[in-house]
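Following: one structure in structure tokens, then a few remarks.
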């Protein structure tokens with residue numbers, strides 16, 4: 001029996017090597033597509049409702065009326081996990097506008113392409129280990145975050161050139177690029193949201209600017225407030241990060257990842273980062289692994 005992964009493409013499970021979409025698909029031609037990166041823990045997709053809501057916001061910002069029900073998308077994900085015998089996995093769900101006449105202007109009649117890609121990813125929660133090898137080495141880059149007025153910052157689309165250009169600037173052992181907005185305020189990492197801690201207060205760049213409202217970011221802010229930790233969202237100059245007591249990055253894959261250095265300045269994690277990481281692990285455990293979670 002082949003160990004090749006199977007992906008879900010337009011309603012069918014196919015071997016990864018046969019998983020294709022048309023070269024005329026607008027997701028390929030123009031990046032005209034929405035996606036979500038998710039994690040399955042113990043066979044349960046974590047924070048599914050949050051991901052569905054953001055996916056719909058992205059599709060609305062693209063005027064992409066795909067006509068698909070959330071329950072249909074979830075069943076396709078569950079089928080893909082089952083077909084690959086995966087309980088703990090990285091999951092990527094993509095919806096493109098599909099194939100339309102070769103004009104830039106999108107047409108209202110949409111036959112979407114839906115692709116679900118999975119790969120094994122070790123469990124999280126209280127018994128898991130981080131998937132990252134160590135704290136992040138971060139470098140600020142010249143590439144600026146595209147302003148929200150040009151491309152909605154809250155939209156997760158297939159066009160990732162902004163992040164690619166940022167990552168292309170990295171030198172040495174840096175593994176994440178920290179981007180500023182056009183005014184020079186810190187925005188986010190190429191694929192992550194930034195947090196830093198000063199005098200016990202958790203700070204995060206505000207999503208009022210050119211910052212993607214990450215699902216993990218939102219959970220961390222909620223947990224911090226519930227735990228009585230002081231939280232502030234605002235606009236910050238790069239120097240504020242360099243002067244931090246602690247700093248960390250969040251995304252769905254990394255969960256909470258401490259920042260070792262920014263531009264060579266040592267920062268590291270600390271008690272607040274550790275507490276929030278522990279609370280996050282407990283949230284995953286409660287939502288996905290405990291037998292009484294209802295899944």
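Derivation of every value follows stated rules applied to the coordinates shown; laboratory data play no part. From a predicted model like this one, the values you see are computed outputs, not experimental measurements. Counting neighbours? That spans all protein chains shown, and the Cβs are built from the backbone with ideal geometry, glycine included.
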Margin query: How many angstrom lie between the Cα centre of region 11-54 and the Cα centre of region 122-146?
Written below: 22 Å
Checklist line | Selected from 119, 156, 103 as most flexible by GNM, with the chain as the system and alpha-carbon contacts under 10 Å | finding: 103
Check: How far, in degrees from 0 to 90, does helix 215-226 lean away from the longest principal axis of the Cα atoms of the chain, to the nearest 10?
Finding: 40 degrees
Check: Which ordering of 203, 265 is given by a fewest-first count of other beta-carbon atoms within 10 Å?
Finding: 265, 203
Next item on the list: Could you state the angle between the C-alpha long axis of helix 70-83 and the longest principal axis of the C-alpha atoms of the chain, as a value from 0 to 90 degrees rounded to the nearest 10?
Entry: 90 degrees
Note to self: Helix 271-284 against the longest principal axis of the chain: what's the angle in degrees, Cα atoms only, rounded to the nearest 10?
What the structure shows: 30 degrees
Notebook entry, point to check: Out of 14, 241, 202, any idea which swings most in a Gaussian network model of the chain, alpha carbons joined below 10 Å?
Noted result: 14
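With a ≥ b ≥ c the root eigenvalues of the C-alpha gyration tensor of region 6-120, is it rounded (a/c under 1.5), prolate (a/b larger than b/c) or oblate?
Oblate.
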Item checked: Cα gyration tensor shape of region 53-143, rounded if a/c is under 1.5, else prolate or oblate by comparing a/b with b/c -> oblate
Next item on the list: Kindly work out what percent of the DSSP beta bridges joining two residues of region 136-286 are antiparallel, to the nearest 5.
Entry: 65 percent
Notebook entry, point to check: Do you know the relative contact order of region 135-292, to the nearest whole percent, from alpha carbon pairs under 8 angstrom that are 6+ apart?
Noted result: 24 percent
Notebook entry, point to check: Which value in deg cm²/dmol, rounded to the nearest 500, describes the helix-derived mean residue ellipticity at 222 nm for the chain, given -39,500 (n - 2.57) per DSSP H run of n ≥ 4 and division by the residue count?
Noted result: -7000 deg cm²/dmol
Notebook entry, point to check: Expressed as cubic angstrom per residue, what is the convex hull volume of the alpha carbon set of region 142-295?
Noted result: 123 Å³
Checklist line | Contact order relative to length of the chain, as percent, for alpha carbon pairs under 8 angstrom and 6 or more apart | finding: 18 percent
Margin query: Quick check on region 106-230: take the gyration tensor over C-alpha atoms, sort the square-rooted eigenvalues as a ≥ b ≥ c, and tell me if it's rounded (a/c under 1.5), prolate or oblate.
Written below: rounded
Next item on the list: Run the numbers on region 6-120 and let me know its relative contact order in percent, using alpha-carbon pairs under 8 Å that are six or more apart.
Entry: 38 percent
